[in-house]
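Notes for the one structure printed next.
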Amino acid sequence: MKITDLLDSRSVDVNGSAASKEDAIHKMVDLMCRSEKINNREIYTQKVFAREAEGSTGMGEGIAIPHAKCDAVIKPGLAAMVLKDGVDFDSMDGEKTNLIFLIAAPNTEDNIHLDVLGKLSVMMMDEDFSNSLKQAASVEEFLKIIDEADEESKGIDSYGAEVENSNCNIIAVTACPTGIAHTYMAAEALEKAAVANNCSIKVETRGSGGAKNVITADEIKAADCVIIACDVNVPMERFAGKKLIKVQVSDGIGKAEQLVKQAMEGNAPIYTAEKNDAADTAGTAKEGIGHSLYKHLMSGVSHMLPFVIGGGILIALAFLLDDFSINPGNFGKNMPIAAFFKTIGEAAFGLMLPVLAGFIAYSIADRPGLAVGFVGGIMAANGNAVLEWVNADGQSLTYGGLNGFIQNTVFGSSGNTVSGFLGALVAGFVAGYIVLGLRKLFSKLPQSMDGIKPTLLYPVLGIFIMGALMLLVFNPIIGIVNTSLADLLNAMGGSSKVVLGMVLGAMMAIDMGGPINKAAYVFGTMAIANGNYDIMAAVMIGGMVPPIGIALATTFFKSRFTQSERNSGLTNYIMGLCFITEGAIPFAASDPGRVIPATALGAAAAGALSMTFGCTLMAPHGGIFVFAVVGSWPMYLIALAVGSVVTMLLLALLKKPIQE
């Protein structure tokens, strides 16, 4: 397949302009839509912006290649725009971008288009080629230049070079989050730099089509140095014992020469299999503490959510199907079908806290952190069991000293020993840093003992330290905090809960899937775990209002929106009803000063009404599909409708009619 097979002439603009990066992306998506290769503009736009949030696709040298792979793409496509005046695209060299290619990749197993897209990414590194495209006077000339270069570039993506009497034998791995453009550009840059310095090289690319040009065990054994230029985790154990350089994929593109010379000099640490791959990800040194903690938290939350959502909805269905009048004390298990759903749901829901803590620890300390984190999470969920200390005759025993302290304070019957969700959060972070501490402590041991560190020293000592901290510190202290918080929520009066619902609803709408939104959602799931179901109701309705309110505005106040925005109205109805707040992101990105206040106020109104009406929700997700298990669901619908209408009216008031 040739590059011009993907690049429709309708999707090329050689006289483009853009006021900002966001404006440029929206215009590129418009160009892509002209080729009729996308069936849902909004979803595709969200994916493009989501990819940019992971790291700019501005390559430097005036070139940017944004891209996205999703179900909204019917078939592979390219769009291109030349901007004579350039635009700030957050490029790695800080210079303006004046040539943009947008890639649309379908979410299919057939990834033949990736070879073509990888070739394009590599071709763009040829300065003469890119300059000729920037100077093209017409679409026809633009396509002709690509066609001619395409013919000359056959076989360009071999990513391997054998050199006689080489100065250094290098192997490398490149990968970016979507595995499309940066992956192949870094591979080509490293190959060129290696050849220029008389070095042999083989580069494994790990793209969305899977791993290609895979490095063999013999090649690893023969290598003098390994270069990992990746923004995602890749299999690392195979490189144990080799000198290894690990950087961001963007450094593989922009600093390939420096990396090759560093490999030639042998200036790289020896990699060991127990090394903290997650914490050693390139760019960690530049990462702020707050962002680092948020990243680890989200790792735990993202792994936890399937258990929370699946188990929570099944438990909610059990209560929906049961007959309360049979035995209120056994509600949820009176009927066989209800007991069936509740048993499965509780099994899944019961894994919530161990998985949360385990994968927070995994994000911090890689695989050795999992066991320590899981144990901390389980102990947070189970608490300190109330034990009865007896002798052989069955008489209760009284101990002094440490035994007495443990008996009376740790295993006492005060009821404040279960730390729950908050305890699991703390356990996850503490477990990760316990393992990092052990790693540092044992770093001076002989290399011959490396094998027993992850299999013996880390799990035994880590689990012991984690268990002791949970029993003696976190469960007693956080258990009191957790119980007090639950009591406070239960004791809240009507006005206090209305304010809480208002705040949570607004939080769900302010950044639409970002940290503030996630904080409110995590609070809602924590409340479910503690038996408070009205908070989750306010959280979910706050997340549903923004896309529905925007959809209503595009339907009843069409003059305030462009044609493409109006076309997305139906999509936002669906996304809002499914509790996918991110449907509002493209609108907020294009007009944040008006859209965010309107959606936040509407969501706040809905959250406040949900609390006012006493609505409850045991399922932590599902949108309209779980309304059957919402307490006071008719009033919940009214609250949703009111909040959505508030957003619609505010948008109509704040936004002015536009002329396309």
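The values are calculated or read from the model by the stated rules, or taken from the named source; none is laboratory data. Everything quoted here is computed from the prediction, not taken from an experiment. Methodologically, a virtual Cβ is constructed for each residue, glycine included, from the backbone with ideal geometry; neighbour enumeration extends over all protein chains shown. To get the accessible areas, we keep the full protein, side chains included, count just its heavy atoms, and leave off ligands, DNA and RNA. Shrake-Rupley method; radii C 1.70, N 1.55, O 1.52, S 1.80 Å.
Side notes on the structure shown:
- Atom-type composition of the exposed protein surface of segment 573-660 places 74 percent of the accessible area on carbon and sulfur (1.4 angstrom probe).
- Percentage relative contact order, segment 1-113, counting C-alpha pairs under 8 Å, at least six apart: 32 percent
- By average C-beta atoms within 10 angstrom, highest first, the peptides 58-71, 126-139: 58-71, 126-139
- Distances between placed amide hydrogens fall under 5 Å for Ile227 paired with Ile171, Ala172, Val173, Ile245, all partners being 5 or more residues away or on another chain.
- A cut-off of 5 Å between modelled amide H atoms, ignoring neighbours fewer than 5 places along the same chain, links Met512 with Asn517.
- Anisotropy class of segment 543-660 from Cα gyration tensor, a/c 1.5 cut: prolate
- Segment 1-116 shape via C-alpha gyration tensor axes, a/c threshold 1.5: prolate
- Straight-distance crosslink candidates among lysines, where the alpha carbon sits under 16 Å from Lys84 and sequence neighbours closer than 8 are dropped: Lys21, Lys27, Lys96, Lys134
- Bridging of Lys518 to lysines at a Cα separation below 18 Å is possible for Lys295, once same-chain residues fewer than 8 apart are set aside.
- At the residue level, Phe523 shows approximately 50 square angstrom of accessible surface with a 1.4 angstrom probe and all protein chains present.
- Surface/4 of the Cα convex hull for segment 422-487, nm²: 4.5 nm²
- Local electrostatic count at Ala268 - Lys and Arg +1, Asp and Glu -1, tallied over other residues with Cβ under 12 Å: +2
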